[in-house]
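Every number in this text was worked out from the coordinates using simple rules, so none of it is lab data. From a predicted model like this one, the values you see are computed outputs, not experimental measurements. Neighbour counts are summed over all protein chains in view; Cβ atoms, including those assigned to glycine, are modelled from backbone coordinates with ideal geometry.
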Amino acid sequence: MAQARDAGPAFHPSRAAEYAEIERWYRDLLDRTTPPTDLVWEPIKIGPTWQWDDESGWLLPEATLGWGFLSWTGYWLTGRGGKPWTWTAEQARMLLWYYAVDTHGDSLFHTYRLQRLKGWGKDPTASGIAAGSLHAPIVFDHWDGDRPVGRSDQEAWTQILAVALEQTKNTMKLFPGLIPQETRDHYGIQIGKQNVWSDGDRRQIEAVTNSVLAIEGGRPKQVIRAEIQNWISGNGGHEMVEALEGNAAKAELGAPARILDIFNAYRPGRDSVAERARVNYDDLEAAGIDPTANGVCWDSLEAPPEAPLTAKDAPDVVRSVAGDATWLDTRPNGRIVKSILNPDNSTSESRRKWYNQITGAEDAWVDPRWVDSPENRRPEEKLADGERVVLFGDGSKSGDDTGLVAIRVSDGMAFTLHHQHPADGQLVDRAALDAAVTVAFDKLKVVAFWFDPSHAKADDQVEEDRFWWPLVDDWHRRYHRRLDKKFWPVKTGPKAHAVAFDMTTTAAQQLFQPAVTQLADDLREGRAPHHGGGTLRRHAKNAKRREGRFGVTVGKENRSSPRKIDLAVCWIGGRMLWRLVTMSRPKSPGKGRVVVHE
């Protein structure tokens, strides 16, 4: 490894030889390290960093500029006590993938998402990457045989972003100790509180907060997004992502822009940037599509769902997801265990921070892991023409979402047929929902169809209920002969209706509230299959338990919350209607047998 630079880098007889020695040191480190074999809890490994084969060893990229980066940082940066900066074996493997290139020399990943438990060292990792961006050879230049050779970027520009300036300080405050005076003198580096400049100010690192106007139109070569689990609509997080993606996508050919996300596990239901990204990633993977094919790599170590949050088990669980972060205090009486046992800290927060698990809050309707379990989530399933289904819809005028869910009679599988999320101030498109209903009746055998209309009035009407009721009444006229009357919401009397299910009535709540608990139980036991659409899953995870007159019901976290639950309501209502249909029919053997879940 590089020697201590007491006399400065200029005194080394051959800088190239020193670089080569640092690379050999890292190659030897990766050769002599293996995955731990004494873990009590085997972690969930997402991404390439922890992939191992007993015959070939660690999975490493075929071509990467990472070796040059490791050499440069080992030579020019310092760690604790003035010693040369060293990466752990885990960090080194991650960096080799971060700087991996394809056969054309283009970056294999334009976006790299590094999710780790609290205290793993994400900020120091980001600081080292940012410092290396100034002068390390991380831009592809040419091939030397089958090895890519890089050069530094003369217009290096790294942005470190967070939704609050305070969050960027965790990374920015590390530069004074990371970049020694010898390196500053050699490259002309100047370090400020929110900026680092080099090479006559042509190269820079800057801290930026959630100002779309401040970042719109820039041409950064690298963007480090900190704590994206906290980037939500309320603080402009999603707008920042859109602006940054536009900036990164217009980078010049041969000078690609990279995005690095560093974050902890997100809180389900907040609709954060991290949550949306994970839902999209999981959807691609579940559909059999390689999530990395579009240039995005997710890198995470997560505790398995069944890992207990107890004083006895916590040290072993944390060790399993800590990776090479041996500095974490995982002792039975250590600081992490004390934090977990502190009654002021919720179990969901402890699992999120220390187990790197994506979990729900204590008032969540269901555990998010139930929704995503392989027993329930089946994205490969298709709804064939002519299949028997029940439909349940929930209609809003504006503000909330509108949706339509089909439940297959044969097995209770849920499919999202329609979803609308109107923009602020916009009305829902009733014609679009009507078209979805028409298609469902044309292609499927609809046994029952219930729809809960909001009590909003149309703009040109005085009475309430007029926004949805003309369409709901039209559905009754069009389809009542095709719908089994014993499954009408209102079967007799002057208000008999084949479709309208008014959730505000006592009779409706007597049916719906027990169905809330029933679906939660079915999800927990792996008996609630669904197609796995991202919005359906997100709405289910957004739903909060609420006490109702006839049991548990569901609601948003608060009345004005942007985290919608309308498709969860459709799912609960659809399963409620499905049980009414299946329980009313005797089980019959052979083809077409109706499966009844007790």
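Things to note:
- Each residue of the range 291-306 was assigned a 3J(HN,Hα) from its phi angle through the Karplus expression (A = 6.51, B = -1.76, C = 1.60, θ = phi - 60°), giving x, 7, 5, 9, x, 10, 10, 9, 10, 8, 10, 10, 5, x, x, 7 Hz with x at Gly and Pro.
- Helical mean residue ellipticity (222 nm; -39500 (n - 2.57) per DSSP H run of 4+; nearest 500) of the chain: -10000 deg cm²/dmol
- Förster-model FRET efficiency, 30 Å R0, residue 21 and residue 155, C-beta, rounded to 0.05: 0.50
- Relative contact order %, the chain, counting alpha carbon pairs below 8 Å whose residues are six or more apart: 12
- Rough spin-label spacing in nm, given labels placed 7 Å along Cα→Cβ, for residue 445 and residue 32: 7.0
- Cα-Cα P(r), the chain, percent of pairs per 20 Å interval: 18, 44, 28, 9, 1
- Highest to lowest packing among 408-421, 133-146, 266-279, scored as the average C-beta count within 10 Å: 266-279, 408-421, 133-146
- Between 0 and 90 degrees, the angle of helix 566-583 with respect to the longest Cα principal axis of the chain falls at about 50 degrees.
- For residue 101, distant residues with modelled amide H under 5 Å away: 63, 64, 65, 108
- Helix axis angle, 15-32 relative to the chain longest principal axis, alpha carbon, degrees: 50
- Helix axis angle, 237-249 relative to the chain longest principal axis, alpha carbon, degrees: 50
- For residue 382 and residue 118, the difference between the fully extended length at 0.36 nm per residue and the C-alpha to C-alpha distance is 91.0 nm.
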